[in-house]
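To start, the structure itself, in structure tokens.
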Amino acid sequence: MVYVYGAHLCGFGFQVRFLEQQNQVLQSKWELLQQLDLNNSKRSLEPVYEAHISSLCKQLETLSRERVWLDSGPRNTREVVEDYKKRYEVEITQHTAVENELVLLKKARPEGDCPALDSCQ
């Protein structure tokens, strides 16, 4: 399960970097277009670039939210594993205590006093 989360995080990391690179390319193109003295084409391209930049920003926000969600998965899994580990240790401690008590009872009783204890192993 942790490997699946890791693979998803890795994939989202690549997507985020790719979107950031695309954003930089678009920003540089936009700056070059602004430097040209083409008022008509500037007016017609500005809404297109703004819409595309807005779309890229939305994708980046979505990926960031998914990354936060995926980061919480391994932590929750770790907490569950720690909880089971503690329960297991408590069970082992209780089991050992009961075994020790049984041994002490067997030693403390007179021979033939309780045949039920003789059959306990």
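Numbers for the structure displayed
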{"item": "Within-14-Å neighbourhood charge of Pro74 [Cβ basis; K, R +1; D, E -1]", "result": "0"}
{"item": "19 Å Cα-Cα reach of Lys58 towards lysines, excluding residues that sit fewer than 8 places from it in its own chain", "result": "none"}
{"item": "Gln94 paired with Trp69, simple spin-label distance in nm, labels 7 Å along Cα-to-beta-carbon", "result": "3.8"}
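Each reported figure results from applying straightforward, stated rules to the coordinates on display, with no laboratory input. Please read these numbers as outputs of a predicted model, since none were measured by experiment. Positions of Cβ are backbone-derived with ideal geometry, glycine not excepted, and every protein chain shown enters the neighbour counts.
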